[in-house]
Amino acid sequence: MKNIVVIGTGYVGLVSGAGMSDFGNNVCCVDVDKDKIDSLQNGIIPIYEPNLKELVDRNVKSKRLKFSINIEDAIKSAEVIFIAVGTPEDKNGNADLTYVLQVAELIGKSLNSYKVVCTKSTVPIGTGKRIIDFINKYNTNNIDYDYCSNPEFLREGKAVADFLRPDRVVLGTSSKKAYDYLRDVYRTLYINKTPLINTTIETAEMIKYASNAFLALKISYINEVANLCDEIGADIAMVSDALGSDGRISPKFLHPGPGFGGSCFPKDTKALINVAKKHNVSMNTIDAAIKTNNNQRIRMLSKIEKLLEGKLNKRTIAVLGLAFKQETDDVRESASIDMILGLIKKGANIKAYDPVANDSMKKIIPTIDYKLNWQDAVKDCDAVVIMTEWNEFRGMDLYELKKLMSKPIVLDTRNILNLAELKELEFTFDNVGRK
Ligand code: NAD
Ligand code: UGA
């Protein structure tokens with residue numbers, strides 16, 4: 001078991017830091033955000049992520065997990081350093097490596113004994129070499145260290161389960177010693193026979209982008225098939241089930257919707273294309289997946305416009321679901337943003353509700369009317385648009401919904417409402433591929 005510092009205590013850093021302490025390691029999670037660290041030191045989890053509080057509390061109590069603002073000291077005491085800071089999209093669609101390189105500089109300056117430096121942030125293929133150059137530049141005492149790439153595959157909303165029971169762990173290493181250190185970090189998983197894929201740094205970096213891009217591609221594909229179902233009267237739910245029952249395809253990521261969002265697929269697909277461009281390699285499939293995703297958002301807007309016979313001006317529309325998917329408060333690149341801004345542009349008034357993401361969305365769109373429950377949001381509305389597949393919306397009483405609205409018009413972009421009930425209650429409705 002190892003002494004670990006995780007630099008960057010966001011969605012990935014906090015979950016993986018807590019997870020690695022659960023595996024028996026001693027972990028210190030650090031961040032430049034003092035408020036975040038203060039909250040964590042007081043037992044408050046700054047994000048909504050199911051089961052995370054229990055995981056954090058359990059490991060803080062057993063003294064294997066702590067939080068600090070003193071990054072330099074934490075680096076000095078660690079045997080393994082994980083970099084988990086953000087790599088957001090820059091204005092050209094590349095990954096912005098500012099935070100990663102800041103951390104690399106600090107690591108270089110703070111090295112005091114042999115350590116394994118491991119990147120968990122998603123960084124473009126070839127970044128490992130840049131990080132090593134940065135560390136070397138500031139490692140003036142030439143302290144021995146090894147660099148590794150350990151991409152993270154957790155999903156928001158299921159992050160704890162994904163981290164504690166991953167399908168595989170990818171370890172891009174350049175020395176046997178570094179691999180042995182990381183195998184020790186993940187010893188619990190190794191004993192449980194989780195595949196540890198040991199490869200080169202570049203291959204590990206590539207695996208991460210290839211995985212995210214493939215999943216994005218799968219979603220855009222099913223969205224296009226659903227759109228065709230709309231036109232020809234086929235049922236996408238049955239198509240997806242039948243497709244997914246073919247073991248070569250798998251049923252996962254075959255749910256059509258308003259287009260993928262989140263902090264990763266949109267930025268990682270663009271970053272992969274940019275890396276490929278630099279090497280004169282075409283990525284036509286990924287390019288198409290991005291275009292399809294943008295079109296899907298426009299298509300959802302035109303669906304609601306059609307349901308309201310082209311008259312959106314001065315209509316009041318309830319948007320249910322603001323997070324980019326269920327079980328998270330994250331609204332980064334959420335399809336709801338495009339929907340709300342599109343409706344506002346056409347003159348509609350918006351009432352919005354999300355079980356946990358109202359506050360996150362207020363920071364992006366402060367001007368709309370936020371409600372504390374779906375009943376208040378839909379009251380006297382001309383139409384409802386469901387944007388996120390929260391269970392709370394799946395279980396909505398459609399009779400109550402109809403009674404509260406001024407007109408029973410619903411766009412279900414997640415295909416979660418019961419078609420037979422909608423028909424029986426004489427709703428005017430649309431969805432994605434289930435006419
Ligand atoms: P995030 O924005 O939630 O967290 C990043 C954290 O890093 C913030 O708390 C920020 O204050 C901190 N930070 C920034 N600069 C710092 C510095 N110099 N020193 C210390 N801390 C610093 O980001 P995230 O969603 O956790 O993503 C982190 C990385 O992991 C990204 O590269 C992302 O692509 C990747 N990733 C994310 C997910 C996910 O589900 N969110 C999954 C897999 C991989
Ligand atoms: C995704 C990947 O699934 C993770 O493996 C990866 O680690 C992470 O990106 C990352 O690199 O950050 P995440 O973005 O948290 O995880 O969530 P997903 O469940 O993948 O959903 C992404 C988007 O696709 C959401 O908007 C979701 O609603 C949409 N989606 C997903 C669909 O429209 N249909 C589906 O069938 C699945």
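Taking H placed 1.01 Å from N in the peptide plane, check which residues at least 5 places from residue 333 or on another chain put their amide H under 5 Å from its amide H.
262
Can you list residues whose amide H is under 5 Å from residue 139's amide H, if they're 5+ apart or on another chain and H is modeled 1.01 Å from N?
Distant-sequence amide H within range of residue 139: zero hits.
For a quick check: with amide H placed at 1.01 Å from N, whose amide H comes under 5 Å from residue 389's, ignoring anything fewer than 5 positions away on the same chain?
Residues meeting the criterion, in which the H sits 1.01 Å from N, are 326.
So which of 53/218; 403/423; 345/423 end up more than 22 Å apart by C-alpha?
Numbers: 53/218 32 Å; 403/423 15 Å; 345/423 31 Å.
Pairs exceeding 22 Å: 53/218; 345/423.
Loop sites only, by DSSP: take the GluC sites (Glu not before Pro) in the chain that have at most 16 other C-beta atoms within 10 Å and name the longest stretch containing none of them. Intermediate results must be reported in sequence, preceding the final value.
Values: sites that count: 309, 426.
Of all site-free stretches, the longest is 1-308.
Could you state the number of Å between the C-alpha centres of region 191-234 and region 248-283?
Between the Cα centres of region 248-283 and region 191-234 lies a distance of 8 Å.
Whole angstrom only: what separates the Cα centroid of region 391-435 from the Cα centroid of region 315-347?
That distance is 18 Å.
Could you give each residue of region 149-155 its phi-based ³J(HN,Hα) in whole Hz, using Karplus coefficients 6.51, -1.76, 1.60 with θ = phi - 60°, and x for Gly or Pro?
10, 10, x, 10, 10, 5, 10
With label points built 7 Å along Cα→Cβ from the Cα atoms of residue 44 and residue 77, find their separation and express it in nm.
A separation of 2.4 nm, rounded to one decimal place.
Here are some pairs, 34/137; 270/351; 129/177; 129/252; 311/402; which of them have Cα atoms lying more than 23 Å apart in this structure?
Details: 34/137 28 Å; 270/351 32 Å; 129/177 19 Å; 129/252 34 Å; 311/402 20 Å.
Over 23 Å apart, Cα to Cα: 34/137; 270/351; 129/252.
Each reported figure results from applying straightforward, stated rules to the coordinates on display, with no laboratory input. Quick caveat, the model's predicted, so the values are computed rather than measured. Cβ atoms come from the backbone with ideal geometry, glycine included; neighbour counts cover every protein chain shown.
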